[in-house]
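Asks: Pasting a structure below so you can have a look.
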Amino acid sequence: MNLDRLKPLVPNINILTKEYVTIVGCGALGSVTAELMVRNGIGNITLIDNDIVEDHNLQRQNYVQKDVGKPKVNVLYDRLISINPNIKIIIVQERLNTSNVHLIQSGLVLDCTDNWYTRKLINRYSTHWIFASAIKNKGMVQYLNKKPCMECWLETDSEEHCEDLGVYNAITHIIASIQSHLALQVLTSSCDNTLYHFTLPGKIHAINTPCKVECQGCFSTPLLPKEQVQRVCHNMYKTYTYIKGEFQQNKQYTLFKDGTIHIYADNKNVANTILSEILTN
């Protein structure tokens, strides 16, 4: 792929063919970030996501109508290869969890996820990564290399979700663009730990985040406690178990092959009851 328009800005751009990044989450942020990284000349990419393309994704994610019902990693793989056939791509159709967390323990990790538990895994296991988040008309991006870590400053039990509050496609594309630009800086020169907070229509704040004393993310053992059900939207919860096997779906839950469970319930108590029944059976 011809990178002549980028070479005046990044003279050592050719080193990127030997670099690799891992993108966790292939939705609104990840599908755009992945394409931008390929167009920046990255030679090796790992895509991690267990979701399929749904119709409501098309409003902001890098997919089209014919992709609906297909695994996101597969669709994104085909798109990226069509841009640069020489790129090497590994696809992992699983949710990031403690059994496959070794996938993020080297190289640069780009967080494009939508839940705090997965971000905590990245924060505690990755040596350096770029946090990104978007909701409504705002978003945040920060390069992290252990101190300060994400848990030094960010409250990680927020109940805000795009399913409830919505998100502009402009903000997800802007945040993905900033994330990919920071990744380019990290891989070719240097990048500090400034947090960038962007709000539409065009306000950006650069913030220096503190190092928290006795921060669990900085000083505790990487392994997190067993995950409980996490709220995704007003009537759906998500969790992960070590039940692997055939895809199952009914009115109460969907069990994916990698052990991810979507539970449909009005509150967390009901969701935990359903989870107990699943584990018992």
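Asks: Counting only residues that are under 26 Å from Thr127 (Cα atoms) and modelled with pLDDT of 80 or more, give me the strands (runs of 3 or more DSSP E) lying completely in the range 199-281 with at least 2 of them. It would help to see each step written out before you state the result.
Replies: Numbers: elements: 203-207, 230-233, 236-240, 253-255, 260-264.
Of the strands (runs of 3 or more DSSP E) lying wholly inside the range 199-281, those with at least 2 residues that are under 26 Å from Thr127 (Cα atoms) and modelled with pLDDT of 80 or more span 203-207.
Asks: Something else: Within the range 9-21, is there a residue that is under 14 Å from the mean Cα position of the chain (by Cα) and surrounded by 19 or more Cβ atoms within 10 Å (Cβ to Cβ)? Reasoning before the result, please.
Replies: So in the range 9-21, the residues under 14 Å from the mean Cα position of the chain (by Cα) come out as 21.
If we keep only those that are surrounded by 19 or more Cβ atoms within 10 Å (Cβ to Cβ) as well, we get 21.
Yes; the residues of the range 9-21 include at least one that is under 14 Å from the mean Cα position of the chain (by Cα) and surrounded by 19 or more Cβ atoms within 10 Å (Cβ to Cβ).
Asks: Within the range 199-213, can one find any residue that is buried (at least 19 other Cβ atoms within 10 Å of the Cβ) and either within 30 Å of Ile13 (Cα to Cα) or touching a Pro at 6+ places or on another chain (Cβ under 9 Å) (or both)? Working first, answer last.
Replies: Kept after step one, since they are buried (at least 19 other Cβ atoms within 10 Å of the Cβ), are these residues of the range 199-213: none.
Looking for residues that are buried (at least 19 other Cβ atoms within 10 Å of the Cβ) and either within 30 Å of Ile13 (Cα to Cα) or touching a Pro at 6+ places or on another chain (Cβ under 9 Å) (or both), one finds none in the range 199-213, hence no.
Asks: Moving to a separate point now. From the residues in the range 107-120 that are under 11 Å from the mean Cα position of the chain (by Cα) and not hydroxyl-bearing (Ser, Thr, Tyr), which one is surrounded by the fewest Cβ atoms within 10 Å (Cβ to Cβ)?
Replies: Going through the qualifying residues, I end up with Asn115.
Asks: Can you tell me which residue among Leu3, Leu9, Leu47 is touching a residue at least 12 places away in the same chain (Cβ under 8 Å) and farther than 22 Å from Phe256 by Cα? Break it down into steps so the answer makes sense when it comes.
Replies: On the way: Leu9 fails: touching a residue at least 12 places away in the same chain (Cβ under 8 Å); Leu47 fails: farther than 22 Å from Phe256 by Cα.
Criteria check complete, one pass: Leu3.
Asks: Of these, Asn57, Asn86, which one is surrounded by fewer than 20 Cβ atoms within 10 Å (Cβ to Cβ), touching a residue at least 12 places away in the same chain (Cβ under 8 Å) and part of a helix (DSSP H, G or I)? Before the answer, list the steps.
Replies: Values: Asn86 fails: part of a helix (DSSP H, G or I).
Step by step, each of Asn57, Asn86 is checked, and only Asn57 is surrounded by fewer than 20 Cβ atoms within 10 Å (Cβ to Cβ), touching a residue at least 12 places away in the same chain (Cβ under 8 Å) and part of a helix (DSSP H, G or I).
Asks: From the set of residues in the range 34-60 that are among the β-branched types (Val, Ile, Thr) and touching a Phe, Trp or Tyr at 6+ places or on another chain (Cβ under 8 Å), which is farthest from Thr118 (Cα to Cα)?
Replies: Taking the range 34-60 as the starting set, the residues that turn out to be among the β-branched types (Val, Ile, Thr) are 38, 42, 45-46, 48, 52-53.
Next, only the ones that are touching a Phe, Trp or Tyr at 6+ places or on another chain (Cβ under 8 Å) stay: 42, 45-46, 53.
Numbers: Ile42: 24, Ile45: 19, Thr46: 16, Val53: 20 Å.
Checked the range 34-60; the qualifying residue farthest from Thr118 (Cα to Cα) is Ile42.
Asks: Kindly list the number of the only condition in (1) farther than 24 Å from Ala34 by Cα; (2) touching a residue at least 40 places away in the same chain (Cβ under 8 Å); (3) not basic (Lys, Arg) that fails for His205.
Replies: Every condition holds for His205 apart from (2).
Asks: Next up: Do we find a residue being over 21 Å from Gln142 (Cβ atoms), free of Cβ contacts under 8 Å to residues at least 40 places away in the same chain and among the small types (Gly, Ala, Ser) anywhere in the range 66-76?
Replies: Quick first cut of the range 66-76, residues over 21 Å from Gln142 (Cβ atoms) only: 66-76.
Then drop every residue that is not free of Cβ contacts under 8 Å to residues at least 40 places away in the same chain, which leaves 66-71, 74-75.
Remaining after also requiring among the small types (Gly, Ala, Ser): 69.
Scanning the range 66-76, I find at least one residue that is over 21 Å from Gln142 (Cβ atoms), free of Cβ contacts under 8 Å to residues at least 40 places away in the same chain and among the small types (Gly, Ala, Ser), so the answer is yes.
Residues checked against (1) out of contact with any strand residue (DSSP E or B) (no Cβ under 9 Å at 6 or more places or on another chain); (2) polar (S, T, N, Q):
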residue	(1), (2)
Ile23	no, no
Asn40	yes, yes
Asn62	yes, yes
Lys70	no, no
Val92	no, no
Asn100	no, yes
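Asks: Any residue at all in the range 95-106 that is of a type outside the set (Lys, Arg), touching a Pro at 6+ places or on another chain (Cβ under 9 Å), surrounded by fewer than 22 Cβ atoms within 10 Å (Cβ to Cβ) and part of a helix (DSSP H, G or I)?
Replies: Yes, that holds for at least one residue.
Asks: Yes or no: Thr127 β-branched (Val, Ile, Thr) and in a helix (DSSP H, G or I)?
Replies: The answer is no for Thr127.
Asks: Right, another one. Which condition number does Lys66 fail, the rest of (1) of a type in the set (Lys, Arg); (2) assigned to a helix (DSSP H, G or I); (3) more than 25 Å from Phe247 (Cβ to Cβ) being met?
Replies: Result: Lys66 passes all but (3).
Asks: Given the criteria in the same structural domain as Val38 (by TED's automatic domain parsing), crowded, with 19+ Cβ neighbours inside 10 Å and in contact with an Asp or Glu (Cβ under 8 Å, 6 or more places away or on another chain), does Leu154 qualify?
Replies: So Leu154 does not fit the description; no.
The values are calculated or read from the model by the stated rules, or taken from the named source; none is laboratory data. Fair warning: this is a prediction, and the values are worked out from it, not measured in the lab. Positions of Cβ are generated from backbone atoms using ideal geometry, with glycine treated the same way; all protein chains shown enter the neighbour counts.
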